[in-house]
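Here is the structure we will look at.
The values are calculated or read from the model by the stated rules, or taken from the named source; none is laboratory data. Note that this is a predicted model, so its numbers are computed, not measured. Here the Cβ positions follow ideal geometry from the backbone for every residue, glycine too, while neighbour counts run over all protein chains shown. Each accessible area value is taken on the protein alone, full model and side chains, heavy atoms only, with ligands, DNA and RNA left out. Shrake-Rupley method; radii C 1.70, N 1.55, O 1.52, S 1.80 Å.
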Amino acid sequence: MNKRNFIISTGAALALALLATCYAAVNTIRSDRVPQVTEEYRQEALSSDGNPFQQLGSDFAGLFITIGEQLFGP
């Protein structure tokens, strides 16, 4: 396969992927269904116990404090 055919094939594949993504986005926007989020799920996601990203943030904060103490002293 030469360079020209490769570029045309890759462009066609990317165009199809873009078309499928746009179709899915428009289909979702026009959907009449409202996503159902229960209060229990919301509270679990907002609490620090159930949210792994808050735990990860506190872990990084501890890491930066430790590095700062090692570099600059307590």
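If you average the C-alpha positions of segment 1-57 and of segment 59-74 separately, how far apart do those two centres end up, in angstrom?
Cα centroid to Cα centroid, the span is 36 Å.
Any idea which of Asn27, Phe60, Leu46 is furthest toward the positive side of the dipole for the chain, if Lys and Arg beta-carbons carry +1 and Asp and Glu beta-carbons -1?
Final value for the positive-end residue is Asn27.
How much accessible area per residue does the chain have, counting only protein heavy atoms and a probe of 1.4 Å, in square angstrom?
Working: 7130 Å² over 74 residues.
Per residue, the chain has 96 Å² of solvent-accessible surface.
Take each complete run of DSSP H in the chain, measure how far its Cα atoms stretch along the helix's own axis, and keep only those covering 27 Å or more with mean Kyte-Doolittle hydropathy at least 0.5; list them. If you can, show how the numbers build up before the last one.
Working: long enough: 3-29 (39 Å, 1.14); 52-72 (30 Å, 0.55).
Both cut-offs are met by 3-29, 52-72.
Add -39500 (n - 2.57) for each DSSP H run of 4 or more in the chain, then divide by its residues: what number comes out at 222 nm, to the nearest 500 deg cm²/dmol? Each step should come with its number before you reach the end.
Numbers: 3 runs with 56 residues, N = 74.
Helix-only estimate at 222 nm: -26000 deg cm²/dmol.
With a Förster radius of 35 Å, plug the Cβ-Cβ distance of Ser9 and Ser31 into 1/(1 + (r/R0)^6) and report the FRET value to the nearest 0.05. Don't jump to the answer; show the numbers that get you there.
Details: r = 33 Å, r/R0 = 0.96.
The formula returns an efficiency of 0.55 here.
Using a 1.4 angstrom probe on the protein heavy atoms only, could you order Phe64, Phe53 from most to least accessible area?
Numbers: Phe64 135, Phe53 160 Å².
Greatest to least solvent exposure: Phe53, Phe64.
Would you indicate which of (i) 65; (ii) 80; (iii) 73 is the value of percent of Cα pairs over 13 Å apart derived from the coordinates of this structure?
The listed entry that was calculated here is (ii).
Any idea how far apart Ala61 and Leu46 come out in nm if each label point goes 7 Å out from Cα toward Cβ?
Output for this residue pair reads 1.9 nm.
Quick one: pull the percent of accessible area on the chain belonging to carbon and sulfur, 1.4 Å probe, ligands and nucleic acids left out. Kindly include the intermediate steps, with their values, before the conclusion.
Values: 4600 of 7130 Å².
About 64 percent, which is the carbon plus sulfur part of the accessible surface.
In what sequence, highest mean first, do 6-16, 23-33 appear when ranked by Cβ atoms within 10 angstrom? Mind showing how you got there, number by number?
Details: 6-16: 10.2, 23-33: 8.3.
Answer by packing, highest mean first, reads 6-16, 23-33.
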